[in-house]
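Have a look at the structure below before the remarks.
The values are calculated or read from the model by the stated rules, or taken from the named source; none is laboratory data. Values in this document were obtained by computation on a predicted structure and should not be read as measured data. For neighbour counting, all protein chains shown are included, and Cβ atoms are generated from backbone atoms with ideal geometry for every residue, glycine included.
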Amino acid sequence: MKKAISLFLAIEALIGVSYFYDFSLFINSEVAFLSSFFVIVGSSFAYKKMVTTQVEKKEYEELRDPLEKIEDPYELYDDKINNAPLEELDIKEIVKEEKAKIKTFNTTAMKQGVKGGFSPFRLVPYLFLIVGFIALENNHYLDLKVYLPMLLVGIVAGNIVVTKITK
């Protein structure tokens with residue numbers, strides 16, 4: 001945790017030094033770094049909270065092996081069907097089972113998707129990103145040669161901080 005905070009403060013100190021060189025460089029760096037940093041950190045925490053809630057409520061389903069999912073996405077080589085002789089298979093029953101597996105639109109799935117998408121941990125950083133970009137453009141401070149690389153710095157720093165905190 002200390003390393004994560006010290007990394008954030010070190011980058012902020014470097015950005016702060018740029019204030020004495022050029023205000024436009026400083027404000028572009030600060031807005032880009034903070035917005036991308038908080039987007040990464042906020043999205044990670046929102047996702048972690050959503051997963052933790054699902055595990056606590058036991059609302060998850062056990063997934064198949066990812067390699068098996070790639071090789072057989074429609075479960076055509078499923079053992080329980082193909083090992084039986086053709087005469088013993090009840091095609092109508094198999095069709096009913098497969099139709100039951102198809103997920104239809106339901107309100108609980110929609111609620112969960114909306115909950116994850118409209119988390120304050122995600123909305124506030126994206127709002128800061130949009131408002132900061134518009135404010136820089138409207139005040140004629142926006143310099144994409146500084147803004148875009150600092151977005152990358154914020155993304156990398158956010159990922160490092162998230163991995164250090166979650167360990």
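How many of the residues in the range 7-58 are under 24 Å from the mean Cα position of the chain (by Cα) and among the hydroxyl-bearing types (Ser, Thr, Tyr)?
Summing the residues that are under 24 Å from the mean Cα position of the chain (by Cα) and among the hydroxyl-bearing types (Ser, Thr, Tyr) in the range 7-58 gives 8.
Would you pick out the residues in the range 1-35 that are surrounded by 15 or more Cβ atoms within 10 Å (Cβ to Cβ) and under 13 Å from residue 146 (Cβ atoms)?
15, 18, 24, 25, 26, 27, 28, 29, 30, 31, 32, 33
Please pick out the residue among 71, 30, 56 that is among the acidic types (Asp, Glu) and either modelled with pLDDT under 80 or touching a Cys at 6+ places or on another chain (Cβ under 8 Å) (or both).
71
Within the range 37-49, does at least one residue satisfy the condition of being aromatic (Phe, Trp, Tyr), at pLDDT 80 or above and within 30 Å of residue 19 (Cα to Cα)?
Yes, the range 37-49 contains at least one residue that is aromatic (Phe, Trp, Tyr), at pLDDT 80 or above and within 30 Å of residue 19 (Cα to Cα).
Would the range 3-21 turn up any residue that is at pLDDT 85 or above and assigned to a loop (DSSP other than H, G, I, E, B)?
Within the range 3-21, one or more residues are at pLDDT 85 or above and assigned to a loop (DSSP other than H, G, I, E, B).
Output the residues belonging to the range 79-135 that are at pLDDT below 75, hydroxyl-bearing (Ser, Thr, Tyr) and assigned to a helix (DSSP H, G or I).
107, 108
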